[in-house]
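What follows is one structure encoded as structure tokens, with my remarks underneath.
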Amino acid sequence: MMSPLVARLLLLLCLALPLYCVEKVRNRGYRKDPDADKCAGNDAEKPNCTRHSEGGRSTYLNNMYGSCVQGPAGTPGRDGNPGANGIPGTPGIPGRDGLKGEKGECINEIFEEPWRPNYKQCAWNSLNYGIDLGKVADCTFTKLRSDSALRVLFSGSLRLKCKNACCQRWYFTFNGAECTAPLPIESIIYLDQGSPELNSTINIHRTSSVEGLCEGVKAGLVDVAVWVGTCADYPRGDASTGWNSVSRIIIEELPK
């Protein structure tokens, strides 16, 4: 049988042994940083000094405390307000002079005098000219420019009569020649026949006109005349010009 003293010792041993193991495990959990004894300065020559690298320290801290988990990205921020205008820069350096241009052509300006009206009228009272072929009347005119046109007008009474078909033509001439630019200036009267019922010829005098423009007439004195003649391929009749009324020729110079 065990004595009371031995029994008490065994009981104390059973109680103290678990406490010792727990304290040893706790001391291991609170192990200090190995870099706490890192050598510095003159301590590096001591026999019990051990050097530790920076990489080893980081590895130790990661193992000791673990790594953080990265959270989700935040919402992007709004655009900032536009900045104020900057200070204007200094003017640049003037460029070089360009190449000299080619010599231009000299054009002489022509200053023309303003156009002045130039016209003339010749008139006759009761001309009563009964010829069938030839010049009826004429009127001289001073043309100022060669590059202008002449407008001519004859106004007066015209008549043609015949027992059978006939035709007469009244036309203008310039210095004895008909107009060719662009065409002659003329008027015609054609009569088919007389009146068989009354056994007489028709004798009607009507105021008519001959009018047109002629180009190409040179400057200077121009003889403008009215003539009477026959129509092509038709017989002539009994013509009369300017009976019992005023007849006139009007001439006007116009710019082209």
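Where a number appears in this text, it was derived from the coordinates with a stated rule and is not lab data. Here the structure is a predicted model, which is why all the values come from computation and not from measurement.
Close amide H partners of Thr230, meaning residues 5 or more places away or on another chain with modelled amide H under 5 Å apart, are Arg169. Here the extension length gained between Glu186 and Ser126 equals 19.4 nm, from 0.36 nm per residue of separation less the Cα-Cα distance. For the range 80-178, the tally of Lys pairs with Cα-Cα distances below 30 Å comes to 5, considering only residues 8 or more apart or on different chains. Taking the alpha carbon gyration tensor of the range 176-256, what are the square roots of 5 times its eigenvalues, largest first, to the nearest whole Å? Taking √(5λ) for each eigenvalue gives 32, 15, 10 Å, largest first.
For Leu5 and Asn81, compute 0.36 nm times the residue count separating them, minus their Cα-Cα distance, and round to one decimal in nm.
Working: separation 76, 0.36 × 76 = 27.36 nm, distance 9.04 nm.
Additional length available on full extension: 18.3 nm.
Would you compute the Debye intensity of the range 104-256 from its alpha-carbon atoms alone, equal scatterers and no solvent, and pass along log10 I(q)/I(0) at q = 0.13, 0.14, 0.15 Å⁻¹ to two decimals? Cα-only, vacuum Debye calculation for the range 104-256: -0.64, -0.72, -0.79.
Remark: the range 203-220, residue by residue, has Karplus-estimated 3J(HN,Hα) of 10, 10, 9, 10, 6, 10, 9, 10, 8, x, 10, 10, 10, x, 8, 5, 5, x Hz, where x stands for each Gly or Pro and the curve is 6.51 cos²θ - 1.76 cosθ + 1.60 at θ = phi - 60°.
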